[in-house]
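Trainee: One structure, as structure tokens, below. Some questions next.
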Amino acid sequence: MKSRLVPPLALATFALTASAAPNAATDLPVREIALFSSGVGYFQHEGPVRDNARAELQFKTEQINDLLKSLVLMDLNGGTIGAVTYPSLDPIEKTLRSFQVDITGNPSLGDLLNQLRGAKITFTWGTEKQPGTVLGVEIREVSSGEKSTPLKAAFLNVITAAGIRSLPISELRALQFDDPALQAELEKALTALSAARDKDKKTVGLAFNGKGDRTVRLGYVVETPVWKTTYRLVFGAKADGKPMLQGWALVENQTENDWNDVKLSLVSGRPISFVQDLYQPLYVQRPIVQNEVRAGVAPQRYEAGFNVLQGAPKEMPATRMAIGGMSRGLDKARSEIAARKVPAGAPATPAPEDAQPFDATASVVASAVAGEVGELFQYTVSGVSLPRQRSAMIPIVNDLIHAEKLSIFNRATNPKFPLNGARLTNSTDLHFLAGPVTVFDEGRYAGDARIGDVPPGQTRLLSYGMDLQLPVMVENERSSRRITAGKIVGGVLELSRKLVSSRTYAAENKSKRDKKIVVEHPRSGADWKLVDSAQPGETTESLYRFDFRVEAGKTERIDVKEERVESERIALVNAAEGNILAFVQEGEFPAPVREALNKAARFQRAIVDSEHEIEARGAQIESITTEQERLRENVKTAGERSEYGVRLLRKLNEQETQIEKLQAETNSLRKKQEAQRKELADYLKDLSVG
């Protein structure tokens, strides 16, 4: 017979004893933010507290490691810092099993009460309300009608003053625990379960202990999006023709807090930062050891030891030392930044509305104050408000800039046409960070460019379009390699070679106005030097940059020639005859050196001739030996006593005589060759010419 379970009373339906409401958390809004271009940000919160207070901050789970690594706190006017609490990262099942009341797996009321056998409770059943002690819970079959299948129902067995009572749990109206500690455990378990529902956010609690009204601060470093810069270079917007540079900072608030009237610092530095997993609980596997029963140990007496800390200076509390140093550093930075002036653009010249060109810089005022902090550079903007999960563009630069229009040719970029560009000099006291540049010329879009970091006073090239009116041809491209000097020292030939690379650039100006062009020529190497060429306007690690002007309708040329001198040492005694003769034909040597090389070449030629004769005789011996093998096979076939066999044996004898003669000649030639080598070595041993 099948049975059905009666749905037990839901856990949330029975009454919980009200606990004392905790003090409301103090609000500590963020006041200062420093965003670094390395992808981290420093956040400083500040606010008032009274007496013993606590504060709560929301963080993303992935930010907790950075928070635990970097959090610093400060309680002014005599306050002290209490514990910093945060949710455990253990699996929720493990956390729930750690409480006296285990609510893992969504237990029914019956299962929960079975865990609490012996607990004091107060229950309401019908109109009755009385205390009791939980004895246990049992499941019974109950009838639901004459022909219906019996149902299973849970009954609470409870000990009361009148004895043991068995009550159907489904008819209980209310139930509460009389033990406050047990009630608190249940509330903690429910709180942990509630907090686990949002796995992406964690609440961190901060405790501040003290008396009276005080101010507290806290700071921490967490991962943040890299703040970026973007620029507008505007030509022809001002009546005097001076270009303007406008810069915007792109900032994103990906934190869990709104930014309301904060002081925002955008720092160009890249401090070293890393992530270490401090949030994940670590457990060590330990061996299980059986209990041992041993005799008691006699009391021990130990001699006095040296106090290694005796006389050591007392240390300041670590938190106060860190905060004090940070506060002094920030105060110094603030005073340096406040002393600087906000860059401002020159006002536009009044003009009729229909005739006035579009000026993208006229209505923008840079809201950032620039300054240096140690080795870093930062822009500081006050009064920034930005809701969480929102982004903003903040004007940080809007100033006159020195920028010269020109064309830039690099054959590796385009083999025929240069690019429209500009030479931009940072004539301000600001530090320009790398970013894209949109160029406007006389109120119209001209193109996009990219620029790297530009400290004050430095110059950079940027290009934003192709100049089709100034084609460039590469002409007379040559390279050569020739010996220019040589001498012989102790039989060693010391050579000097000159390597020459030359190229001509021809630029034809097809426009109606004069143009300035920069030709980027690749450097052949650090040991190459420019000769018979114009001096470059700039030199980089890999390029020469040559500036010249091309009048309208004309063609201008520029020659670029590089030379390199390299040295080589060659032991003539080991050089082949062909190599020595090649040196004589290639190089420009003094007559004595040339004569000595020719003589060494003759010695080499004689040695080589002897080698050829030795090889020829060796080839003859090999040929005769092969023939003898054929003759011996024929002798075996014909027989030694046959007429043909006798004839073959006579021929074999003649060949043996010939081989002996060739071997004697070979030995004689080898001796001759050794004598020739010695003669060459003796000639070169002390030879020094040139």
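The values are calculated or read from the model by the stated rules, or taken from the named source; none is laboratory data. Note that this is a predicted model, so its numbers are computed, not measured. All Cβ positions, even for glycine, are placed from backbone atoms using ideal geometry, and neighbour counts span all protein chains on display. The area values use the complete protein model at the heavy-atom level, side chains included, leaving out ligands, DNA and RNA. Shrake-Rupley method; radii C 1.70, N 1.55, O 1.52, S 1.80 Å.
Trainee: What is the calculated FRET efficiency for Thr124 to Asp213, with r their C-beta to C-beta distance and R₀ = 60 Å, to the nearest 0.05?
Mentor: Efficiency at R0 = 60 Å is approximately 0.80.
Trainee: From the cross-link list Lys498/Lys678; Lys69/Lys202; Lys211/Lys263, which pairs have alpha carbons spaced over 23 Å apart?
Mentor: Values: Lys498/Lys678 34 Å; Lys69/Lys202 16 Å; Lys211/Lys263 29 Å.
With Cα atoms farther than 23 Å apart: Lys498/Lys678; Lys211/Lys263.
Trainee: Per-residue HN-Hα couplings for region 475-491, Karplus 6.51 cos²θ - 1.76 cosθ + 1.60 at θ = phi - 60°, whole Hz, x for Gly and Pro?
Mentor: 10, 6, 7, 9, 8, 9, 8, 8, 6, 10, 7, x, 8, 10, 10, x, x
Trainee: For region 573-669, with all protein chains present and a 1.4 Å probe, just round the carbon and sulfur fraction of the accessible area to a whole percent. List each step's numbers first, then the result.
Mentor: On the way: 2930 of 6180 Å².
Result for region 573-669: 47 percent of the exposed heavy-atom area is carbon or sulfur.
Trainee: Can you send over the carbon and sulfur percentage of the accessible area for region 409-501, probe radius 1.4 Å, protein chains only?
Mentor: On the way: 2160 of 4570 Å².
Accessible surface attributable to carbon and sulfur in region 409-501 totals 47 percent.
Trainee: Tabulate in residue order the Karplus-calculated ³J(HN,Hα) for region 464-469, using 6.51 cos²θ - 1.76 cosθ + 1.60 with θ = phi - 60°, rounded to whole Hz; enter x for Gly and Pro.
Mentor: Couplings: 9, x, 9, 9, 7, 9 Hz.
Trainee: Report, by chain and number, residues whose modeled amide H sits under 5 Å from the one on Asp179, excluding near sequence neighbours (fewer than 5 apart, same chain).
Mentor: Distant-sequence amide H within range of Asp179: Lys120.
Trainee: With θ taken as phi - 60° and the coefficients 6.51, -1.76 and 1.60, list the Karplus ³J(HN,Hα) couplings across region 164-173 in order, rounded to whole Hz; mark glycine and proline as x.
Mentor: Each residue of region 164-173 in turn: 7, 10, 10, 10, x, 4, 5, 9, 5, 8 Hz.
Trainee: Still on this structure: How would you classify region 451-539 from its alpha-carbon gyration tensor, with a ≥ b ≥ c the square roots of the eigenvalues: rounded for a/c under 1.5, else prolate if a/b is greater than b/c, otherwise oblate? Spell out each step's value before the answer.
Mentor: Values: a/c = 4.08, a/b = 1.96, b/c = 2.08.
Taking the square roots of the gyration eigenvalues as a ≥ b ≥ c, region 451-539 is oblate.
Trainee: Something else about it: Work out how much length Ala664 to Lys69 would gain on full extension: take 0.36 nm times their residue separation and subtract the Cα-Cα distance, in nm to one decimal. Write out the running numbers ahead of the final one.
Mentor: Values: separation 595, 0.36 × 595 = 214.20 nm, distance 9.11 nm.
Working it through step by step, the gained length comes to 205.1 nm.
Trainee: Expected output is a single nm value to one decimal: the length gained when fully extending between Ala619 and Asn114, i.e. 0.36 nm times separation in residues minus the C-alpha distance. What is it?
Mentor: Values: separation 505, 0.36 × 505 = 181.80 nm, distance 10.91 nm.
The span from Ala619 to Asn114 would gain 170.9 nm if fully extended.
Trainee: Also, quick follow-up: What lysines does Lys152 reach when the alpha-carbon gap must be under 17 Å and sequence neighbours fewer than 8 apart in one chain are set aside?
Mentor: Excluding near neighbours in sequence, the set is Lys2.
Trainee: Extending each Cα 7 Å along its Cβ direction at Thr657 and Ala412, get the distance between those two points in nm, one decimal.
Mentor: With each label point 7 Å from Cα toward Cβ, the separation is 7.7 nm.
Trainee: Which FRET efficiency value, to the nearest 0.05, is calculated for Asn77 and Thr425 with the Förster distance at 35 angstrom and r the Cβ-Cβ distance? Spell out each step's value before the answer.
Mentor: Working: r = 51 Å, r/R0 = 1.47.
Between Asn77 and Thr425 the formula returns 0.10.
Trainee: Right, here's the next one. Between beta-carbons, use under 14 Å as the cut-off and find the net charge around Ile164, counting Lys and Arg +1, Asp and Glu -1.
Mentor: Working: positive: Arg117, Arg165; negative: Glu138.
Net local charge, Ile164 excluded: +1.
Trainee: Once you list every other residue whose beta carbon is under 10 Å from the beta carbon of Trp248, what net charge do they have if Lys and Arg are +1 and Asp and Glu are -1? Numbers along the way, then the final one.
Mentor: Working: positive: Lys228, Arg232; negative: none.
Its environment carries a net charge of +2.
Trainee: If we sort 599-608, 478-487 on the protection proxy, mean other Cβ atoms within 10 Å, highest first, what's the order?
Mentor: Values: 599-608: 18.4, 478-487: 14.3.
Highest to lowest by the protection proxy: 599-608, 478-487.
Trainee: Quick one: which of 154-166, 411-423 comes out on top by average Cβ neighbours within 10 Å, and what's the full order, highest first? Please list the in-between numbers first.
Mentor: Numbers: 154-166: 15.3, 411-423: 17.8.
Packing order, densest peptide first, comes out as 411-423, 154-166.
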